[in-house]
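All remarks here apply to the structure that follows.
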Amino acid sequence: MEPLREVRDGYLITLNIGTPPQSVQVYMDTGSDLTWVPCGNLSFDCIDCYDFKNNNLKSSSTFSPLHSSSSFRASCASSYCVEIHSSDNAFDPCAIAGCSVGMLLKSTCLRPCPTFAYTYGEGGLVSGILTRDILKAQTRDVPRFSFGCVASTYHEPIGIAGFGRGLLSLPSQLGFVQKGFSHCFLPFKFVNNPNISSPLILGDSLLSGNLTNSLQFTPMLNTPMYPNSYYIGLEFITIGTNVTATQVPLTLKQFDSQGNGGMLIDSGTTYTHLPDPLYSQILTSLQSTITYPRATETESRTGFDLCYKVPCPNNNLTSLENDATMMFPSITFHFLNNAALILPQGNSFYAMSAPSDGSVVKCLLFRNMEDGDYGPAGVFGSFQQQNVKVVYDLEKERIGFQVMDCVTEAVSHGLSKVREQQQKSSIF
């Protein structure tokens, strides 16, 4: 079990790397494989990170290989080097490093792995060197852990721990890629709260006890284009108890001949993205059932397409959230294998600021999927995974969902210093 600390753009896991150990906080990302950390002694530079992450967020957590006696660069002949360079030919990295044909044939080239570049779906880019060092985890130590020592990035101010299915991923190097992991993300109101963390569980205890019986499982879908990512199939979405959002495109539950399509489940993407016409139909269905006045000014300012001004007596947001008469229509995702996930109320419409003058503006935190013809047809983001136990059963290639109070789950794992923080937390 590892604690995840919630910040505005995701969930941070602490890695202890090197001799002596250096603690580095990085994002947990199920949508990628590479684990990388900012390397301070290389003058880490993040391009366009001031506005992109909203809060002048640059990494305050860096790693220095010069201060670790066990750190060394990965060899160009290592399987990790071949993987990071996405090469089908194992000789490519060493050839780029300048090794002769004779050295390639005899496997005697000891040159370091060439500098790599790694891209992310939303336009992020990192560049660095593949490094190996000891990783000290609660479960076990990995003496030759492979990770990126990154000097420069674009739109990526904080390191990332890749939780995909590939050779470079953190679960793979920990030995859990054939078992799996689970997480229970705390609600957004616990952002930057130092007194409570979200539980991340890896390995054998994942499906212990009667947990399996209470989970809704849907199969993982495999695509040759992104074999290391987690894809699931969406059949339809229902709004409320009677309204069905129809015309769910087939691309959300199957792939085309090039491997495009499917729904990516990604902790590194904040909001769920859905393609048109499904996205527009959901907006139309919600508008037909919600009677609150639209907050068009907030829609223009935030870019969210559906915002409402909701009465909030005495400016008490807690009372509002517990008032059944003020609830928005439920939104249910129906995945393959009859797996239905009813989103908790806080996972669809969310307060954009503190209440004032007896009202609060809440917006639907979904996005329209652009460029859905290439790559995934939709993305199931981390915001919609709050207060949901999500289980990645890698042995049986399936993903399970169970709605639960993740605060209670955190308490049961000893990750809450003060139970009353649930009531005391601010909105942001």
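The values are calculated or read from the model by the stated rules, or taken from the named source; none is laboratory data. Note that this is a predicted model, so its numbers are computed, not measured. Cβ coordinates were reconstructed from backbone atoms using ideal geometry, including for glycine residues, and neighbour counts include every protein chain displayed. Please note that ligands, DNA and RNA were not included when accessible areas were found on the heavy atoms of the full protein model with its side chains. Shrake-Rupley method; radii C 1.70, N 1.55, O 1.52, S 1.80 Å.
Summary of values
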item: Selection within the range 270-294 - open to solvent by less than 30 Å² (accessible area, probe 1.4 Å) and either more than 16 Å from LEU343 (Cβ to Cβ) or not in a loop (DSSP other than H, G, I, E, B) (or both); result: THR272, LEU274, PRO275, LEU278, TYR279, ILE282, LEU283, SER285, LEU286
item: Number of the exception - THR108 against (1) open to solvent by less than 20 Å² (accessible area, probe 1.4 Å); (2) in contact with a helix residue (DSSP H, G or I) (Cβ under 9 Å, 6 or more places away or on another chain); result: (1)
item: Those residues of the range 16-28 which are in a strand (DSSP E or B) and open to solvent by less than 10 Å² (accessible area, probe 1.4 Å), in sequence order; result: ILE17, VAL24, VAL26, MET28
item: Residue among SER257, SER280 that alone is small (Gly, Ala, Ser), modelled with pLDDT under 90 and under 30 Å from MET220 (Cβ atoms); result: SER257
item: Of all residues making up the range 99-111, the number that are assigned to a helix (DSSP H, G or I) and either closer than 30 Å to PRO199 by Cβ or charged (D, E, K, R) (or both); result: 1
item: Enumeration of residues in the range 120-142 that are over 21 Å from the mean Cα position of the chain (by Cα), part of a strand (DSSP E or B) and free of Cβ contacts under 8 Å to residues at least 40 places away in the same chain; result: ASP141, VAL142
item: Verdict on PRO114 being part of a loop (DSSP other than H, G, I, E, B), at pLDDT 90 or above and touching a strand residue (DSSP E or B) at 6+ places or on another chain (Cβ under 9 Å); result: yes
item: Unique residue being open to solvent by less than 60 Å² (accessible area, probe 1.4 Å) and either within 29 Å of ILE265 (Cβ to Cβ) or of a type outside the set (Gly, Ala, Ser) (or both) when the list is PRO93, PRO143; result: PRO93
item: Qualifying position, being open to solvent by less than 40 Å² (accessible area, probe 1.4 Å) and modelled with pLDDT under 95, among LEU202, LEU221; result: LEU202
item: Residue check, THR251 open to solvent by 40 Å² or more (accessible area, probe 1.4 Å) and without any contact (Cβ under 8 Å) to a residue 12 or more places away in the chain; result: no
item: Any chance ARG165 is outside any loop (DSSP other than H, G, I, E, B) and under 27 Å from SER75 (Cβ atoms); result: no
item: Hey, LEU66 assigned to a helix (DSSP H, G or I), open to solvent by 20 Å² or more (accessible area, probe 1.4 Å), in contact with a Phe, Trp or Tyr (Cβ under 9 Å, 6 or more places away or on another chain) and at pLDDT below 95 or not; result: no
item: Count of the range 360-417 residues which are in a strand (DSSP E or B), open to solvent by 40 Å² or more (accessible area, probe 1.4 Å) and within 20 Å of MET225 (Cα to Cα); result: 1
